[in-house]
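Contents: one structure, followed by commentary.
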Amino acid sequence: MPQREGSPWRGLNVVFFRELFDHLTSVRMLVLEFLVVLFGAAVVYFAAEQIRNTTAEDPFLFLRLFAPPGQSLLSFVVVISILVPIMAIGLGFDAVNGEYNRRTMSRILSQPIYRDALLFGKFLAGLTTLTICLVTLWLLVIGFGLLRLGIPPGAEEIGRLLMFLVVTIAYAGVWLALSILLSVVFRSTATAALVALGLWLFLSLLWPALAQMLGEVISPSDMRFAQLGLPTPDTLMWQQGLSRLSPGTLYGEAVVAMLNPDAQSMTTLLAQFQGRIGSPLPFDQSIIQAWPQMVSLIAGMIVLYVVGYVAFQRQEVRA
Amino acid sequence: MTDNVIETQALTKRYGRATAVDGISFTVGRGEIFGLLGPNGAGKTTTILMMLGLTDVTSGTVRVLGHDPVREPLQVKRMVGYLPDTVGFYDYMTAEDNLRYTAALIGIPAADRSKRIASALERVGLQDVGRKHVGAFSRGMRQRLGLAEILMKDVSVAILDEPTSGLDPHATSELLEMIRSLKRDGVAVLLSSHLLERVQSVCDRVALFHSGKIALLGTVPELAREVLGGGYNVEVEADGEGLAVRFSEIAGVKAVDQSGPARYRLLADRDVRPQAAVAVVNAGGALRRLSVEEPSLDAIYNHYFQTHGGHDAAA
């Protein structure tokens, strides 16, 4: 059978720019932006006050602005990790089924473009919108920090903050790809939005606890370790592996590695065994530490997109 | 290259076990208006989607302007305009912006877009509302905007799926007039409808669909001759001696019914009113009424399914 003719990218830029324009001018996006700025401003302000009051000498002052020490729930990082999925779902949940409901799908697909261009254009436009929002927000926080703290960030801090931005965009991409996949699978936009939000709640609230339980079931704790007050390595491995199925866990681990150089949360056990003392990890070591999480997030985004792509290609155009 | 713009050969589409389109073959010539007619669910839209490469073909072949829509969809879609059943637009955008988006997708050079959009809107009578949001448009206006999109695209084949459904009689006749004007431009038009009567007047040839098959194919008078035997019903009211015999001697008359003391019904394969009048006058009778009923697609369709097997002729 001969190859299908023509480029699958034909019309991609047309779809991309129209969708981007739609996103940037939509009321929906305005509301989401407003939410993020409001929450972000509040927590960053409190973080800055805390830093001004307590910290005298800290090599990573700017990082504390994003992730204050002491596992505060009201940190910028926590706000972002909650709001970014909502933004991404808000941009993607009606990407494909919205076209069917408006009855524009068959009209658009009867123009000389492939379905590839339509779906990829929508995905790229969503990701670009999210990137624009996150970069703006990131710059705002840094600008606020400059004004409020009065010290410029060091080169290493800038590097860590840039990596944090990249990880956040990848995290947003995972949720965007998921919501676009759901918009292909469900013909009703309301169903797609509900399922996406349900999955988000499940993965970020229930799954971490469930992963602990399941790990215990699959590989029960050994009494000998428990008596020493240590977790059983096998159980811990299962629990960690399972909880990492949630993009929220992966994102959290990567962010901690980037923004808390002295926490070493993932390797505490290892560090204890090796008798290592908690000194800040150098930047390159932090990147190595967060690398698997970052790759997993990007891979997850690609896999979800591809599943949505295949489903969309096989879909009948008529309802 | 032949003069046919669309050719299908034993075209078949199955969804699982259900057969939506069952081995249909037909051709549409250059500049012809071809009607795919039949009840809802007879396979008309599926056939159209296969021509556009929007759904896979199970077996058989289809060629549009010599291209295979399955393997060369871009070539086909570049030269074919499609107006879907209940066409939709982006409601929050103006009519012009909607067309501008499609123009960019088609690949019309940016310099030409405004001009072509304006002239297309003018031809369908929407030039005054081009800057209004489509959300405020009536159904008839949306159909016309869909037609403007096809005009803007400058195609050689236009495929219209149920273009008149849901329109009031006035909007329908306006739309049919626009379809005729497409034909005058040399565009071949393939239109589908379940309202046989309304589109009968514009179609050069029709294919009557029934449960995925083409039951009848040809011009309306041809089908009338084939199915109804005659096609023309001439009603005569006249006095006179031996009229029934005189009528039956007229060339082309198949049967004569005497439905009343001075009323006759002639079944003929052509319009025999002049000959009937002559017959009455020659018999020395008084002619009171002479009317002809042209064959209707509804009558043909119903008659065909009453006589053929009696399987579900639901409309």
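Here are some notes:
- Failed item, numbered, when residue A:290 is tested on (1) under 22 Å from residue A:138 (Cβ atoms); (2) at pLDDT below 80: (2)
- For residue B:217: the one exception among (1) closer than 30 Å to residue B:59 by Cα; (2) modelled with pLDDT under 90; (3) surrounded by fewer than 22 Cβ atoms within 10 Å (Cβ to Cβ): (2)
- Residues that are free of Cβ contacts under 8 Å to residues at least 40 places away in the same chain and either in contact with a Ser or Thr (Cβ under 6 Å, 6 or more places away or on another chain) or over 30 Å from residue A:89 (Cβ atoms) (or both) within the stretch A:116-157 comprise A:146, A:147, A:150, A:152, A:155, listed in sequence order.
- Residue check, residue B:162 within 14 Å of another protein chain (Cβ to nearest Cβ), modelled with pLDDT of 90 or more and more than 17 Å from the chain's Cα centre (by Cα): no
- Some residue of the stretch A:186-198 being within 14 Å of chain B (Cβ to nearest Cβ), under 30 Å from residue B:134 (Cβ atoms) and of a type in the set (Lys, Arg): no
Rundown of residues vs (1) within 13 Å of another protein chain (Cβ to nearest Cβ); (2) within 17 Å of the chain's Cα centre (by Cα), yes/no style:
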| position | (1), (2) |
| --- | --- |
| B:23 | no, no |
| B:60 | no, no |
| B:82 | yes, yes |
| B:85 | yes, yes |
| B:91 | yes, no |
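- The combined condition, being of a type in the set (Lys, Arg) and away from chain B (no Cβ under 14 Å), is fulfilled by residue A:148.
- Qualifying residue in the stretch B:249-268 (condition: out of contact with any strand residue (DSSP E or B) (no Cβ under 8 Å at 6 or more places or on another chain), surrounded by 15 or more Cβ atoms within 10 Å (Cβ to Cβ) and either modelled with pLDDT of 80 or more or among the β-branched types (Val, Ile, Thr) (or both)): no
- Residue B:48 satisfies every condition listed in (1) more than 24 Å from residue B:194 (Cα to Cα); (2) within 10 Å of chain A (Cβ to nearest Cβ); (3) touching a residue at least 24 places away in the same chain (Cβ under 8 Å); (4) buried (at least 20 other Cβ atoms within 10 Å of the Cβ) except (1).
- Screening residue A:161 with (1) surrounded by 22 or more Cβ atoms within 10 Å (Cβ to Cβ); (2) more than 14 Å from chain B (Cβ to nearest Cβ); (3) under 17 Å from the mean Cα position of the chain (by Cα) gives one miss only, at (1).
- For first residues located in the stretch A:220-236 and part of a helix (DSSP H, G or I), partners that are of a type in the set (S, T, N, Q) and surrounded by 15 or more Cβ atoms within 10 Å (Cβ to Cβ) and lie 6+ apart or on another chain with Cβ distances below 8 Å form the pairs A:225/A:232; A:226/A:232; A:234/A:219; A:235/A:219; A:235/A:221.
- Of the helices (runs of 4 or more DSSP H) lying entirely inside the stretch A:18-114, those carrying at least 2 residues that are within 14 Å of another protein chain (Cβ to nearest Cβ) are A:27-54, A:97-101, A:105-109.
- Checking each residue in the stretch B:220-243 for being exposed (fewer than 15 other Cβ atoms within 10 Å of the Cβ) and among the small types (Gly, Ala, Ser) picks out B:229, B:242.
- Output for the stretch A:125-158, where each listed residue is crowded, with 22+ Cβ neighbours inside 10 Å and at positive phi: none
- Any hit, the stretch B:127-144, residues being within 13 Å of another protein chain (Cβ to nearest Cβ) and under 19 Å from the mean Cα position of the chain (by Cα): yes
- Selection status of residue B:58, within 26 Å of residue B:155 (Cα to Cα) and either among the polar types (S, T, N, Q) or at pLDDT below 95 (or both): no
The values are calculated or read from the model by the stated rules, or taken from the named source; none is laboratory data. It should be emphasised that the depicted structure is a prediction, and the values quoted were computed from it without experimental measurement. Here the Cβ is made from the backbone with ideal geometry for all residues, glycine too, and neighbour counts use every protein chain on show.
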